[in-house]
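K.L.:
Provided herewith is a single structure, encoded as structure tokens, for subsequent inquiry.
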Amino acid sequence: MRRPVVLVGVALILLLVAAGLLAPLLAPAHPQKMNIAERLRAPSLRYLLGTDDFGRDVFSRVLYGIRLSLTIGAAVLLLSTAIGLPAGLMAGYLRRLDNALMRVMDALMAFPAVILAIALMAALGPSAVNVAVALGIVYSPRMARVVRGSVLVVREFEYVTAAQALGQSEGLIMLRHVLPNCLSPAVVQGTFIFAYAVLGEALLSFLGAGVPPHVPSLGTILSGGRVYMGQAPWITIFPGLAIMMLVIGLNLLGDGLRDVLDPRLVRAGTG
Amino acid sequence: MQAYIARRLVTMVPIVVLVGTIVFLLLHLTPGDPAVIMLGPDAPADAVTQLRHDLGLDLPLYVQWGRWFERVLRGDLGRSIFFGLPVTTVMRQHLVPTVFLSLLAILIAAGIGVPAGILSAVRRGSWLDQTVTLTAFLGVSIPEFWLALNLVLLFAVQLGLLPVAGYAPPAQGVGRTLTYLALPAFTMGFVQSALIARMTRAAMLEVVAQDYIRTAHAKGLSFWQVTLRHTFPNALIAVVTVVGIVFSVMMGGNVVAETIFTIPGIGQLLMSSVLRRDYPVIQGIVLLVATAYVVINLLVDVVYAFVDPRIRY
């Protein structure tokens with residue numbers, strides 16, 4: 001933790017994770033509770049971040065939105081790791097599978113991420129689970145590539161040759177000797193995938209191809225407030241800031257982890 | 001060179017076939033009967049049967065796959081359910097705004113990103129470098145659609161300088177087209193310039209450390225002669241790569257800017273087709289975009305050879 005900015009990233013993430021976890025306790029109102037008499041109120045002590053066009057408390061909705069962003073980010077991370085890590089490990093170590101596995105990953109990478117996610121959502125239908133599935137599929141090749149890259153280096157090390165000479169099985173060598181030495185780049189990549197997933201969920205929901213419009217997500221709050229930007233900018237400003245804080249926190253953490261876990265990359269990356 | 005291009009084209013084949021298969025399977029991922037989903041729950045039963053037959057959904061999956069590929073190879077992407085026109089015609093009608101927007105946006109992105117990257121590398125550690133690094137970091141962290149909304153609020157709603165949204169074809173005057181495209185192109189350009197600046201800076205820093213740069217300084221060339229004649233040309237490969245990738249993403253992925261600024265391009269067509277469940281159009285766009293992506297990547301590799309005579313294929 002040489003660089004203090006990494007601590008800023010960690011602090012931002014801890015703050016937002018706390019906000020998401022404690023949303024039901026912290027929220028002054030139910031995120032869906034409407035009150036037409038109190039619509040489009042500016043931020044005040046009563047409504048910290050104002051109210052939206054249905055008189056719903058924006059602060060409460062943003063808290064639940066952060067909660068959803070974090071949940072979907074974690075689900076995307078798990079899914080893309082569950083697909084990408086074994087695929088990258090096998091492609092890198094079992095050379096006979098490399099071509100087939102990586103061609104599939106190349107084909108998935110041939111789609112711009114947003115386009116593939118939108119197309120998958122069009123097929124799957126709008127729901128939070130489907131957003132996690134679509135983004136998990138979209139980002140799994142990124143995990144696979146990074147893992148494969150480091151497996152290709154690690155498999156040439158002498159302790160792997162030694163294990164092979166001892167006659168250990170391929171599966172055992174992969175899990176016991178190769179995998180543990182490939183985890184650092186995967187952890188770094190995982191942090192960035194989490195950040196992409198947060199941005200991706202917000203974008204899909206904003207465009208109407210993510211979670212259903214009534215679910216409080218940072219994206220749906222933004223798209224709902226869009227029409228009222230001129231008169232009630234607080235509806236769009238605060239969820240946007242929440243997304244940015246989360247993504248900045250994750251990117252800072254990812255950069256910091258990369259410096260700590262992979263000293264070879266420091267030279268070109270950060271100066 | 002020709003041999004290299006031919007070899008690359010051959011390796012493209014399996015990727016394009018897999019891409020096509022993924023696009024083909026998209027329709028079959030839909031929970032329930034695609035024909036019912038497209039026509040809506042109230043559609044009469046014989047219309048559903050007819051559409052199932054037209055789409056070939058009553059055939060075994062592998063037969064459908066084969067027939068779909070055969071049609072795609074002949075350039076037939078099916079008919080749009082919403083427009084009642086061939087998908088290729090619908091896409092052609094939406095192509096021009098996307099091309100103009102992407103060209104303008106890549107000019108802005110490279111125009112900001114490349115000089116910023118060069119300056120921050122040669123003045124490493126200065127306030128300028130720190131500003132560029134910080135701005136680039138914000139650029140990759142800011143949600144593009146949120147930036148677009150804030151720019152609309154500032155320049156269109158508050159200051160009234162530019163139109164809130166919309167598009168005018170160049171036939172009505174290039175100046176008018178540019179005023180409509182200014183905000184969306186700047187949004188896309190600014191966000192992407194962050195990546196270009198980062199890559200340019202990293203590539204420049206690699207080159208600055210080389211011996212021949214020290215030699216160039218030692219033989220008495222001025223600082224900018226060294227930077228522009230010796231350092232930058234050697235960093236150009238990385239710059240060309242990132243600009244090429246960014247451009248291919250823009251050509252296919254204008255969804256955000258085109259939707260927010262209601263520009264009738266490919267990205268907006270994709271979004272409205274998703275909302276209309278017009279699957280043939282969705283499939284056509286996704287296929288076109290992915291193929292274009294693969295082709296542009298190939299072109300980027302070919303450009304390498306012109307940029308760097310050391311590369312022999």
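The values are calculated or read from the model by the stated rules, or taken from the named source; none is laboratory data. This is a predicted model, so every value here is computed, not measured. No Cβ is skipped: glycine too gets one built from the backbone with ideal geometry, and neighbour counts run over all protein chains shown.
K.L.:
Please work out which one of (1) in contact with a Phe, Trp or Tyr (Cβ under 8 Å, 6 or more places away or on another chain); (2) outside the structural domain of B:Thr187 (by TED's automatic domain parsing) is the condition B:Arg67 fails and give its number.
P.N.:
Every condition holds for B:Arg67 apart from (1).
K.L.:
When you scan the stretch A:1-49, how many residues do you find that are of a type in the set (D, E, K, R) and in a helix (DSSP H, G or I)?
P.N.:
Qualifying residue count for the region: 1.
K.L.:
Let me ask you something else. Could you please give the count of residues in the stretch A:210-230 that are within 18 Å of A:Thr71 (Cα to Cα) and facing another protein chain (nearest Cβ under 10 Å)?
P.N.:
2
K.L.:
Scan the stretch A:62-78 and tell me whether some residue there is touching a residue at least 12 places away in the same chain (Cβ under 8 Å), surrounded by fewer than 16 Cβ atoms within 10 Å (Cβ to Cβ) and within 30 Å of A:Arg155 (Cβ to Cβ).
P.N.:
Yes, because at least one residue in the stretch A:62-78 is touching a residue at least 12 places away in the same chain (Cβ under 8 Å), surrounded by fewer than 16 Cβ atoms within 10 Å (Cβ to Cβ) and within 30 Å of A:Arg155 (Cβ to Cβ).
K.L.:
Restricting attention to the stretch A:81-89, does a residue exist that is under 23 Å from the mean Cα position of the chain (by Cα), in a helix (DSSP H, G or I) and closer than 25 Å to A:Ile235 by Cβ?
P.N.:
The answer is no, given that none of the residues of the stretch A:81-89 is under 23 Å from the mean Cα position of the chain (by Cα), in a helix (DSSP H, G or I) and closer than 25 Å to A:Ile235 by Cβ.
K.L.:
Mind telling me which of the residues A:Val146, A:Val151 ends up being in contact with a Pro (Cβ under 9 Å, 6 or more places away or on another chain), away from chain B (no Cβ under 14 Å) and within 25 Å of A:Leu257 (Cα to Cα)?
P.N.:
A:Val146
K.L.:
Here's another thing I want to ask about it. Sort out for me the helices (runs of 4 or more DSSP H) sitting completely within the stretch A:158-271 that have 3 or more residues that are polar (S, T, N, Q) and under 25 Å from the mean Cα position of the chain (by Cα).
P.N.:
Result: A:183-207.
K.L.:
Follow-up question, since we're still on this one. From the list B:Phe145, B:Phe155, B:Phe137, which residue is crowded, with 22+ Cβ neighbours inside 10 Å, out of contact with any Asp or Glu (no Cβ under 6 Å at 6 or more places or on another chain), within 13 Å of chain A (Cβ to nearest Cβ) and among the aromatic types (Phe, Trp, Tyr)?
P.N.:
Exactly one of B:Phe145, B:Phe155, B:Phe137 is crowded, with 22+ Cβ neighbours inside 10 Å, out of contact with any Asp or Glu (no Cβ under 6 Å at 6 or more places or on another chain), within 13 Å of chain A (Cβ to nearest Cβ) and among the aromatic types (Phe, Trp, Tyr), namely B:Phe145.
Residues are listed down the side, and each one gets a yes or a no for (1) touching a residue at least 24 places away in the same chain (Cβ under 8 Å); (2) buried (at least 22 other Cβ atoms within 10 Å of the Cβ); (3) touching a helix residue (DSSP H, G or I) at 6+ places or on another chain (Cβ under 8 Å); (4) more than 25 Å from A:Leu120 (Cβ to Cβ):
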| residue | (1), (2), (3), (4) |
| --- | --- |
| B:Thr227 | yes, no, yes, yes |
| B:His230 | no, no, yes, yes |
| B:Gly244 | yes, no, yes, yes |
| B:Gly252 | yes, yes, yes, no |
| B:Val255 | no, yes, yes, no |
| B:Glu258 | yes, yes, yes, no |
| B:Leu270 | no, yes, yes, no |
| B:Pro280 | yes, no, yes, no |
| B:Leu288 | yes, no, yes, no |
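K.L.:
Sticking with this structure for a sec: Take B:Ile296 and tell me if it is within 11 Å of chain A (Cβ to nearest Cβ), crowded, with 24+ Cβ neighbours inside 10 Å and either more than 17 Å from the chain's Cα centre (by Cα) or not in a loop (DSSP other than H, G, I, E, B) (or both).
P.N.:
no
K.L.:
A further question on this structure: Condition first: in a loop (DSSP other than H, G, I, E, B), farther than 29 Å from B:Ser248 by Cβ and either touching a strand residue (DSSP E or B) at 6+ places or on another chain (Cβ under 9 Å) or of a type in the set (Phe, Trp, Tyr) (or both). Can you find one or more residues in the stretch A:50-61 that meet it?
P.N.:
There is at least one residue in the stretch A:50-61 that is in a loop (DSSP other than H, G, I, E, B), farther than 29 Å from B:Ser248 by Cβ and either touching a strand residue (DSSP E or B) at 6+ places or on another chain (Cβ under 9 Å) or of a type in the set (Phe, Trp, Tyr) (or both).
Results for (1) more than 9 Å from chain A (Cβ to nearest Cβ); (2) surrounded by fewer than 24 Cβ atoms within 10 Å (Cβ to Cβ); (3) in contact (Cβ under 8 Å) with a residue 12 or more places away in the chain; (4) under 28 Å from B:Leu151 (Cα atoms), shown as yes or no for each residue.
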site	(1), (2), (3), (4)
B:Phe261	yes, no, yes, yes
B:Gly265	yes, no, yes, yes
B:Arg276	yes, yes, yes, no
B:Gly284	yes, no, yes, no
B:Thr291	no, yes, yes, no
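K.L.:
Just a yes or no: is a residue in the stretch B:66-87 assigned to a strand (DSSP E or B), surrounded by 12 or more Cβ atoms within 10 Å (Cβ to Cβ) and among the charged types (D, E, K, R)?
P.N.:
yes
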